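Coordinate-derived values only; no laboratory data. All values reported here derive from a predicted model rather than from experimental measurement. Ideal geometry is used to build each Cβ from the backbone, glycine not excepted, and the neighbour counts take in all protein chains shown.
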Amino acid sequence: MPSTYACLYYHIIFSTKDRLPWIERDLIERLHAYIGGCLNALGSIPIAVGGVSDHVHVLVRSDPTQNISSLMRSVKRESSCWMKENKQDGLFSWQEGYGAFSVSPNTVEDVRNYILNQEEHHRNRSFEEEFQSILRKAGVSSSNIS
């Protein structure tokens, strides 16, 4: 087989510093679109970007040559600058780190719908509860979450 074939989907979650509700309602859609544009510019295909005032979920199809940590470093840096320029008070920062989980192609649509319905989902569940549940389902130890 002389070629490389890959289909890599990732569900990535990252939060605002100290999980403060810094993503204002009037900026949320524009921020999500900006993050999608950043992913596109970096050679990834954004499938869905969603979230609420204190965190963002991304479903992305990534090129096999792409390093997730480099991708996230760039996305968080660029979107942080964008937020500081567009927020009235200019205060914004992302929390260090992120969660990245592989997604099977046959569950992409379910994950996409989950991400696009974050506001409704968080009427009943906090970010911490949601993230702990995702970590458990992925088999990741969550003892160091703060």
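Explain nothing, just compute: Karplus ³J(HN,Hα) = 6.51 cos²θ - 1.76 cosθ + 1.60, θ = phi - 60°, for every residue of the stretch 7-17 in order, whole Hz, x for Gly and Pro.
9, 10, 10, 10, 9, 10, 10, 8, 10, 6, 4
Might you report the magnitude of the Cβ-based charge dipole of the stretch 66-141 about its Cα centre, with Lys and Arg at +1 and Asp and Glu at -1, to the nearest 20 debye? Write out the running numbers ahead of the final one.
Values: 10 positive and 11 negative charges, 42 e Å.
Roughly 200 debye for the stretch 66-141.
Report, in deg cm²/dmol and to the nearest 500, the calculated mean residue ellipticity at 222 nm for the chain, where each DSSP H run with n ≥ 4 adds -39500 (n - 2.57) and the sum is divided by the residue count.
-12000 deg cm²/dmol
Working from Cα positions, state the angle (0 to 90°, nearest 10) between the long axis of helix 28-41 and the longest principal axis of the chain.
With rounding to tens, the tilt is 30 degrees.
Taking the dipole about the Cα centre of the chain, with the C-beta of Lys and Arg at +1 and of Asp and Glu at -1, give me whichever of 62, 49, 131 is farthest to the positive side.
62
Under 20 Å from a point 7 Å along the Cα-to-Cβ line of residue 84: which residues of the stretch 4-25 have their amide N that close?
Once the point is set 7 Å along Cα→Cβ of residue 84, 14-24 turn out to lie under 20 Å by backbone N, inside the stretch 4-25.
Before anything else, pin down the relative contact order of the chain: Cα pairs under 8 Å, at least 6 apart, normalised by residue count, whole percent. Before the final figure, lay out the partial values.
Values: 191 pairs, mean separation 47.1, N = 146.
Across the chain, relative contact order equals 32 percent.
Given +1 on the Cβ of Lys and Arg, -1 on the Cβ of Asp and Glu, and no further charges, what dipole in debye does the chain carry about its Cα centre, rounded to the nearest 20?
Its charge dipole is roughly 260 debye.
Which of the following values of volume of the Cα convex hull per residue in Å³ was calculated from the structure shown: (1) 117; (2) 99; (3) 154?
(1)
Run through the stretch 95-146 and list the trypsin sites (Lys or Arg not before Pro) located in a DSSP loop whose Cβ has at most 15 other Cβ atoms within 10 Å.
123, 125
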